[in-house]
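A.B. asks: Please find one structure pasted underneath; my questions will follow.
The values are calculated or read from the model by the stated rules, or taken from the named source; none is laboratory data. Keep in mind that what you see is a predicted model, and the values were worked out from it rather than measured. Because the Cβ atoms are built from the backbone with ideal geometry, glycine has one as well, and the counts that use them run over all protein chains shown.
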Amino acid sequence: MNIDQLVRDSLREQAAEQPTPAPGLADRVLTVRRRRRTRALAAAAAATAAMVTIAMAVPLMNTGKDDTRLAHVSAHPEQTPPRDMIAAGDLALAAYYTWETDAHGAPVRAYRILDPKTGTYVKTSKWSRVAVAPGLRTAAVLERNLPARRIGLLDLRTGEVERWIPVDRGVASVEFSPDGSKLVATTYGRNPDLRYKKAKYDYDGDGEKDWTLGLDAPGQSSRTGFYILDVASGEGSWSEVAGADQLGVRQDFAFNHDGKLVQSGLFSAPYRQYYDFAGQQVAVPANEAYASWRNESGLSPDGKFAGGGFLRGTRPVGQSRSKLLDPYTGKQVTTVRGAELLAWVDNKHLIAWDFTPDVKSPSLRLVLVTIGSDEVAPLSGITKGLDGAAGHWTPIFAER
Amino acid sequence: MDAEAQENFRDFVESRSSALLKTAVLLSGGDRHAGEDLLQNALIKAAGRWHRIEEPEAYVRQILYRQQVSRWRLKWPRRELSVPEPRENPTRHTTDDEPGAADLRIVIRAALARLTARQRTVLVLRYFEDLPEADVAHLLGCSIGTVRSTTHRSLARLRELAPELAALGPADAEQQPSHDYSPVEVRP
C-alpha cells in the first residue's frame with residue numbers, strides 16, 4: 001500500500017464518522033447574519049450597544065488553563081420568557097411551559113415548543129404533555145383530555161402529528177429514553193391533574209373540606225403502571241406496578257441515566273424505586289444512589305459527577321453555588337456556580353438557574369456555568385418571579 | 001435576502017450541509033467544533049451574496065478551503081484533540097485485512113491533525129476530494145508548482161510525524177521531483 005492510498009482511506013473513514021449537522025443550521029446562519037448586520041448598522045448610527053441583541057451562535061472562549069471552549073452558545077439575556085432559541089453546545093432549550101387553569105380549575109401546562117426551522121418558540125395549547133426527543137425533530141405529545149388513549153409523534157418542523165400510537169390504557173405522562181428510541185408512558189385510571197378534595201382538612205374554616213392539588217394527597221393515586229414503547233414501530237408492552245398508597249396522585253415514571261431501567265418517586269422511604277421494563281422492582285444502580293428528583297441535572301455524561309443541591313450559605317446574590325457529588329458515595333467533590341443545576345451540556349458545562357443580583361426581589365435567569373470557573377454566562381432574561389409565580393417558566397432541554 | 005431566497009438557502013443547507021461538514025471537519029484536523037465553526041462562517045459569507053452566486057456548493061467549498069488556510073484562522077487557539085491510540089507494533093497484524101491497515105489509518109489521522117492548515121488542506125483536496133493539481137491550485141489561488149511541492153512536503157511531514165509509515169511505498173507525488181520552492185507555512 002502507498003502512503004497516498006492510506007491518507008485517502010483515513011480521510012474517508014474520518015468523514016464517514018461525522019454525524020449530520022444539528023437541525024436548524026440554515027436558520028442559525030441567517031440569524032447570526034441578521035444580527036451582525038444589525039450590529040454594523042447600529043454602530044454606524046452610533047446607536048448604543050444596549051440596543052444590539054447579543055444573541056449569536058458564536059464560540060465562547062474561556063480563560064482557564066483547561067480547554068473548555070464551548071461551540072455554539074445561543075443566548076438571549078434580554079428575553080423572558082424566551083422567544084428565540086437558547087442553546088449551549090449540543091444542548092438546547094427544546095420547550096418550556098407556564099401554567100394555566102382549565103375550565104375545571106385544574107392546572108394545565110401551556111407549552112412553547114422550539115420550531116427548528118425558524119429557531120423560535122411557538123405557543124401551543126393543544127397538548128397536556130410534551131416530551132422532546134434528542135435531535136429536536138420529534139416530540140411525543142398527549143392531548144388535553146387525560147388520561148389519553150393515544151400518543152402523538154409531532155414533527156417539529158411542520159407542527160403536525162406524524163403518527164399516533166394507540167394505547168389500551170389511558171396515559172397521562174410520556175418521556176423519551178436518553179437515545180430517543182423508546183418512550184415510557186405512565187398509565188392512570190383518571191386524570192391525575194384534577195384538583196382533589198382533601199379528606200380531612202378545612203384550612204379556611206368555611207365548613208367544607210378543602211380542594212387541593214393531587215400532588216400532596218398520598219394514597220389517592222390512580223396510577224396503574226407503565227408502557228415501554230418502541231418509537232419506530234409503536235410496539236411495546238404494559239407493566240402493572242402496584243403500591244398506590246406510597247404515591248402522590250401524579251407520580252410519573254421516567255428512564256434512568258442509561259435508559260435501561262425506569263424509576264419513579266415514592267412518598268416514603270426509600271423515596272425512589274427502580275423497575276426493569278417488565279415492572280419488576282430492582283435495586284438502585286450504584287452510580288445513581290445519590291441522584292435525586294430534586295437535582296434535575298443527574299449524572300454528568302462521563303458519569304463522574306452527580307449534580308447536587310444548593311450549597312447553603314451561598315445565597316448572597318451573585319455568589320450562589322451548587323454541589324457536585326461523587327455519584328457512588330454522595331460525597332461532595334466540588335462546587336459550581338448556579339443556584340439550581342438543570343442539565344449537563346457536556347462534562348464541564350451545565351445550564352442552571354441562578355439568582356439575579358437584585359437582593360430585594362431575587363429572581364432567576366438561565367445561565368451557563370463551567371466547572372472550575374466562577375464565570376457565569378446569562379442565557380435568558382430574568383424571570384418575573386420564582387418557581388410557581390406568574391412570569392416563571394419551566395425549561396425542558398434536549399440534545400440538538 | 002427575501003423570503004424566497006431564504007427558503008432556497010435553507011434547502012441548500014439542508015441538502016448539502018452534511019457533506020460540507022465532513023470536509024470542514026477534515027480541514028480542521030478532525031476537530032468537530034472547529035469544523036462546525038468553519039462551515040458556519042462560510043455559510044454566513046455565502047448567505048450575504050446569495051443572489052449573486054451561481055453554484056452555491058462550489059462557492060461555499062472555496063470559502064472553506066481559503067478560510068482554512070488564511071492567516072486569520074491560524075490566530076485561533078489550537079485545541080488538543082483526542083485521537084484513538086493505535087496498538088503497539090501497528091505494522092504487525094494478524095487478520096486477513098491489509099496488514100495493520102486499521103492501525104495505520106489511526107496513526108495517519110493523528111499525524112494529519114498535526115500538519116499545518118495549509119498542508120492538511122492540500123491533502124484533503126488531493127486525496128479526499130480527488131481534485132487534480134490544477135483545480136487545487138485554482139481553488140487556493142496558487143500555482144500548480146506550489147500545490148505539488150506542498151503535497152510532497154506534507155507527505156514527507158506525515159512520515160516524520162509517524163515513523164510507522166516507513167514501510168509504505170512512496171506516493172506518486174513523492175516520486176516526482178519537486179522544483180517549486182514557493183514558501184509554505186511552517187508551524188513550530
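A.B. asks: Would you tally the residues in the range B:26-39 being at the interface with chain A (Cβ under 9 Å from one of its Cβ atoms) and modelled with pLDDT of 90 or more?
C.D. replies: 2
A.B. asks: Could you grab the pairs with beta carbons closer than 8 Å, sequence gap of 6+ or different chains, first residue in the range B:40-51 and over 11 Å from residue B:13 (Cβ atoms) and at pLDDT 85 or above, second one acidic (Asp, Glu) and surrounded by 16 or more Cβ atoms within 10 Å (Cβ to Cβ)?
C.D. replies: Nothing qualifies.
A.B. asks: Look at residue A:59 and say whether it is modelled with pLDDT under 55 and at the interface with chain B (Cβ under 9 Å from one of its Cβ atoms).
C.D. replies: Details: modelled with pLDDT under 55: yes; at the interface with chain B (Cβ under 9 Å from one of its Cβ atoms): yes.
So residue A:59 fits the description; yes.
A.B. asks: Only one residue in B:158, B:139 is within 22 Å of residue B:34 (Cα to Cα), in a helix (DSSP H, G or I), among the aliphatic types (A, V, I, L, M) and facing chain A (nearest Cβ under 9 Å). Which one?
C.D. replies: Criteria check complete, one pass: B:158.
A.B. asks: I would also like to ask the following. Just to be sure, is residue A:166 out of contact with any Ser or Thr (no Cβ under 6 Å at 6 or more places or on another chain) and modelled with pLDDT of 95 or more?
C.D. replies: On the way: out of contact with any Ser or Thr (no Cβ under 6 Å at 6 or more places or on another chain): yes; modelled with pLDDT of 95 or more: yes.
Criteria met by residue A:166.
A.B. asks: For the range B:1-21, what are the residues that are among the hydrophobic types (A, V, I, L, M, F, W, C), more than 9 Å from chain A (Cβ to nearest Cβ) and touching a Phe, Trp or Tyr at 6+ places or on another chain (Cβ under 9 Å)?
C.D. replies: B:5
A.B. asks: Still on this structure, please answer the following. Look at residue A:314 and say whether it is more than 22 Å from the chain's Cα centre (by Cα) and modelled with pLDDT under 90.
C.D. replies: yes
A.B. asks: Condition first: more than 22 Å from residue A:342 (Cα to Cα) and either without any contact (Cβ under 8 Å) to a residue 12 or more places away in the chain or surrounded by fewer than 17 Cβ atoms within 10 Å (Cβ to Cβ) (or both). Now tell me which residues in the range A:86-116 satisfy that.
C.D. replies: Within the range A:86-116, A:100, A:101, A:102, A:103, A:104, A:105, A:107 qualify.
Yes or no, residue by residue, for (1) within 14 Å of another protein chain (Cβ to nearest Cβ); (2) touching a Gly at 6+ places or on another chain (Cβ under 8 Å); (3) within 22 Å of residue B:23 (Cβ to Cβ); (4) at pLDDT below 85:
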{"residue": "B:94", "(1), (2), (3), (4)": "no, no, no, yes"}
{"residue": "B:99", "(1), (2), (3), (4)": "yes, no, no, yes"}
{"residue": "B:104", "(1), (2), (3), (4)": "yes, no, no, yes"}
{"residue": "B:116", "(1), (2), (3), (4)": "no, no, yes, no"}
{"residue": "B:124", "(1), (2), (3), (4)": "yes, no, yes, no"}
{"residue": "B:133", "(1), (2), (3), (4)": "yes, no, yes, no"}
{"residue": "B:152", "(1), (2), (3), (4)": "yes, no, no, no"}
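A.B. asks: Quick check on my filter: what residues within the range A:117-131 are more than 13 Å from chain B (Cβ to nearest Cβ) and touching a residue at least 40 places away in the same chain (Cβ under 8 Å)?
C.D. replies: If the condition is that a residue be more than 13 Å from chain B (Cβ to nearest Cβ) and touching a residue at least 40 places away in the same chain (Cβ under 8 Å), then A:121, A:128, A:129, A:130, A:131 are the ones that fit.
A.B. asks: Is it the case that residue B:22 is part of a helix (DSSP H, G or I), buried (at least 18 other Cβ atoms within 10 Å of the Cβ), of a type in the set (Lys, Arg) and in contact with a helix residue (DSSP H, G or I) (Cβ under 6 Å, 6 or more places away or on another chain)? Reasoning before the result, please.
C.D. replies: Working: part of a helix (DSSP H, G or I): yes; buried (at least 18 other Cβ atoms within 10 Å of the Cβ): yes; of a type in the set (Lys, Arg): yes; in contact with a helix residue (DSSP H, G or I) (Cβ under 6 Å, 6 or more places away or on another chain): yes.
Here the answer is yes, as residue B:22 does meet what is asked.
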